[in-house]
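The values are calculated or read from the model by the stated rules, or taken from the named source; none is laboratory data. Small disclaimer: the values here were computed from a predicted structure and weren't measured. Cβ sites come from the backbone with ideal geometry, for glycine too, and all protein chains shown count toward neighbours.
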Amino acid sequence: SQELEQSPQSLIVQEGKNLTINCTSSKTLYGLYWYKQKYGEGLIFLMMLQKGGEEKSHEKITAKLDEKKQQSSLHITASQPSHAGIYLCGAYRRDSNYQLIWGAGTKLIIKP
Amino acid sequence: DSGVTQTPKHLITATGQRVTLRCSPRSGDLSVYWYQQSLDQGLQFLIQYYNGEERAKGNILERFSAQQFPDLHSELNLSSLELGDSALYFCASSVDTLGGRARETQYFGPGTRLLVL
């Protein structure tokens, strides 16, 4: 099982609609990273969150880290076909020996 | 483009064979990480090298080994290949200002897709 729980596993959204992907840990996180992966390609770094309550935005993608630093959400506003892909969260935890632990990924499909 | 390069892009080989995957980190990055991604296991950390030395090991099989050279490029050697080794293999790099103990952003290469027949 993955050490970070991502939900949903997959998502089909009508173009133009908003969506949210969640990433949850049972323990405090020291740095939460969001990456995007096109099928069969490398992971593209999107954003990093470190402080509880922190929120960052890039174009139409906003990511937040909750105050307890155990959950992050990725929100896409007015989705476009270019947003399609797999979104993975990765995080450092005190017990992860300075290595990133990963969620299983959320597969996002945008319907035209 | 992350600045991390990996060769080859694709590799098809037979069971029992040995292959070498190559990675060049971003300019200035001292840490290199190797990951395996398969459909059933997701992204699995294999091993980290920092400035030529092994820093951390993850779920790396004994049949697999890696090294980082003085010019900081890294190679992952996979031997006695089995069908289950078919996967995407990623290399990532980070600046790592704390001797391999920094929690920093990792930048990924495009991956090598390995198919073992």
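State which residue is nearest to the other protein chains (Cβ to nearest Cβ) when the search covers only segment A:4-40 and only residues that are part of a loop (DSSP other than H, G, I, E, B) and surrounded by 16 or more Cβ atoms within 10 Å (Cβ to Cβ). Ranking the candidates gives A:Leu4 first. A:Asp66 meets the conditions (1) surrounded by 16 or more Cβ atoms within 10 Å (Cβ to Cβ); (2) without any contact (Cβ under 8 Å) to a residue 40 or more places away in the chain; (3) under 23 Å from B:Phe108 (Cα atoms) in every case but one. The failed one is (3).
How many of the residues in segment B:24-62 are more than 14 Å from chain A (Cβ to nearest Cβ) and touching a strand residue (DSSP E or B) at 6+ places or on another chain (Cβ under 7 Å)? Residues in segment B:24-62 being more than 14 Å from chain A (Cβ to nearest Cβ) and touching a strand residue (DSSP E or B) at 6+ places or on another chain (Cβ under 7 Å): 1 in total.
Candidates are the residues of segment B:103-113 that are over 21 Å from A:Ala91 (Cβ atoms) and surrounded by fewer than 21 Cβ atoms within 10 Å (Cβ to Cβ); the one that is farthest from the other protein chains (Cβ to nearest Cβ) is B:Arg113. So, B:Ser2, is that one assigned to a loop (DSSP other than H, G, I, E, B) and among the polar types (S, T, N, Q) or not? In short, yes. Counting only residues that are basic (Lys, Arg) and either touching a Cys at 6+ places or on another chain (Cβ under 8 Å) or without any contact (Cβ under 8 Å) to a residue 60 or more places away in the chain (or both), segment A:22-40 holds 2 of them.
So, in segment B:71-102, how many residues would count as being under 16 Å from B:Lys57 (Cα atoms) and either modelled with pLDDT of 95 or more or within 8 Å of chain A (Cβ to nearest Cβ) (or both)? Selection size over segment B:71-102: 13.
Within segment A:73-84, the presence of at least one residue that is among the hydrophobic types (A, V, I, L, M, F, W, C), assigned to a loop (DSSP other than H, G, I, E, B) and in contact with a strand residue (DSSP E or B) (Cβ under 6 Å, 6 or more places away or on another chain) is confirmed.
Close contacts from segment A:46-60, counting a first residue that is loosely packed, with under 12 Cβ neighbours inside 10 Å and a second that is basic (Lys, Arg) and modelled with pLDDT of 95 or more, with Cβ to Cβ under 9 Å and a gap of 6+ residues or different chains, come to A:Gly53/A:Lys64. For the condition within 27 Å of B:Leu39 (Cβ to Cβ), of a type in the set (D, E, K, R) and in contact with a Leu (Cβ under 8 Å, 6 or more places away or on another chain), A:Lys36 qualifies. Within segment B:98-117, the residues that satisfy the criterion of being of a type outside the set (Val, Ile, Thr) and over 13 Å from B:His10 (Cα atoms) are B:Leu98, B:Gly99, B:Gly100, B:Arg101, B:Ala102, B:Arg103, B:Glu104, B:Gln106, B:Tyr107, B:Phe108, B:Gly109, B:Leu117. Scoring A:Lys107 on the criteria (1) among the charged types (D, E, K, R); (2) within 13 Å of the chain's Cα centre (by Cα); (3) assigned to a loop (DSSP other than H, G, I, E, B) leaves a single failure, condition (3).
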